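Visitor: Let me give you the structure first, and then I'll get to my questions.
The values are calculated or read from the model by the stated rules, or taken from the named source; none is laboratory data. Bear in mind that the values here come from a model prediction, so they are computed numbers and not experimental data. Every residue, glycine among them, receives a Cβ derived from its backbone with ideal geometry; neighbour counts consider all protein chains shown. These accessible areas exclude ligands, DNA and RNA; they are computed on the full protein's heavy atoms, side chains included. Shrake-Rupley method; radii C 1.70, N 1.55, O 1.52, S 1.80 Å.
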Amino acid sequence: IYIFWDLVEAADAKEIAAFIENHVFDVAAREDLAKPINEMDAVWVRRWKRTGYIWIIKSRLCGRGFLDRQKHDVQRHSSTASRLSQRIVCSQRQLKRTKLVSLDIRNAFLKGLTFTELHRLARKFGIEMRDRRSVYMRPPANVWRHLRNHPKSRIRIAASLTHLYLLVLLKPMYGLVDAPLLWQLHL
């Protein structure tokens, strides 16, 4: 990380920009929150990624979902293809000589339904939800800086005050158990 710090910073800023553009965060003062709260932290997952002939650093901000106190209370089933299903599709493609197309939706999980939309839709269709989903996150320290520096960000907490605030997740992010389902419902 030290050797390629400029690349890491650019990758982190790009990731936070995606969170801002998809309206994933809001901010809350710790003192205003009723206890207990569903608080978790997040980590950066960084890796080298090859795009054509160029290698870049890809940063992904992931919530540590195992700390999510509501993880056992939320619906999380989404119909994603298993490895076996993907192999069957590929073998059928080979047998029938058809074209196989694959799509990648950039920042897919960040484009999912908000927790409020999910609650509203559940009520509309008569699906019982025990609790409203609320997740608060303690981000890595440099996230606050990237939020301050992004021109479209409304979150501008001074570095000396970040310990007094948490990010409120308005929709799921990577690492939460219901992120695949809420993205699929939105799709």
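Visitor: From the phi of every residue in the stretch 35-45, what ³J(HN,Hα) in whole Hz does the Karplus formula 6.51 cos²θ - 1.76 cosθ + 1.60 yield, where θ is phi - 60° and glycine or proline is x?
Guide: 8, x, 10, 8, 10, 9, 10, 9, 9, 8, 10
Visitor: To continue, here is another question. Using +1 at the C-beta of Lys and Arg and -1 at the C-beta of Asp and Glu, which of 181, 118, 137 has the Cα lying farthest in the positive direction of the dipole of the stretch 115-187?
Guide: Of the candidates, 137 comes out farthest on the positive side.
Visitor: Through the Karplus equation 6.51 cos²θ - 1.76 cosθ + 1.60, θ set to phi - 60°, convert the phi angles of the stretch 64-70 into ³J(HN,Hα) values in whole Hz; use x for Gly and Pro.
Guide: 8, x, 5, 8, 5, 6, 9
Visitor: Turning to a different aspect of this structure: Taking a probe of 1.4 Å, how large is the accessible area per residue of the chain, in Å²?
Guide: So the chain comes to 68 Å² accessible per residue, rounded to a whole number.
Visitor: Another one. Sorted by accessible area (1.4 Å probe), largest first, how do 55, 183, 144 line up?
Guide: Heavy-atom accessible area, descending, gives 55, 183, 144.
Visitor: Tabulate in residue order the Karplus-calculated ³J(HN,Hα) for the stretch 131-140, using 6.51 cos²θ - 1.76 cosθ + 1.60 with θ = phi - 60°, rounded to whole Hz; enter x for Gly and Pro.
Guide: Working through the residues one at a time gives 10, 6, 6, 9, 10, 10, 10, 9, x, x Hz.
Visitor: In whole percent, what relative contact order does the chain give with Cα contacts below 8 Å and a gap of six or more residues?
Guide: Relative contact order of the chain: 36 percent.
Visitor: I need the calculated FRET efficiency for the pair residue 43 and residue 97, taking r as the beta carbon distance and R₀ as 41 Å, to the nearest 0.05.
Guide: With R0 = 41 Å, the Cβ-Cβ based efficiency is 0.35.
Visitor: Under a straight-distance cross-link criterion of Cα-Cα below 28 Å, which lysines are reachable from residue 58, leaving out those fewer than 8 residues away in the same chain?
Guide: By straight Cα distance, residue 58 reaches 14, 49, 71, 111, 152, 171.
Visitor: I've got another one for you. What does the charge dipole of the chain about its Cα centre add up to, to the nearest 20 debye, if the Cβ of each Lys and Arg holds +1 and the Cβ of each Asp and Glu holds -1?
Guide: My answer is approximately 880 debye.
Visitor: Given the peptides 169-176, 104-111, 18-25, arrange them by the average over their residues of other C-beta atoms within 10 Å, most packed first.
Guide: 169-176, 18-25, 104-111
Visitor: Pick out, from 102, 28, 59, the residue whose Cα sits farthest towards the positive end of the charge dipole of the chain, with +1 on the Cβ of Lys and Arg and -1 on the Cβ of Asp and Glu.
Guide: Checked the options; the winner is 102.
Visitor: Given a 1.4 Å probe and every protein chain left where it sits, what share in percent of the accessible area of the stretch 39-187 is carbon and sulfur?
Guide: Of the solvent-accessible surface of the stretch 39-187, carbon and sulfur hold 55 percent.
Visitor: For Cα extents along the principal axes in Å, the listed values are (i) 98, 21, 19; (ii) 71, 60, 25; (iii) 62, 53, 27; which was obtained by calculation from the structure presented?
Guide: (iii)
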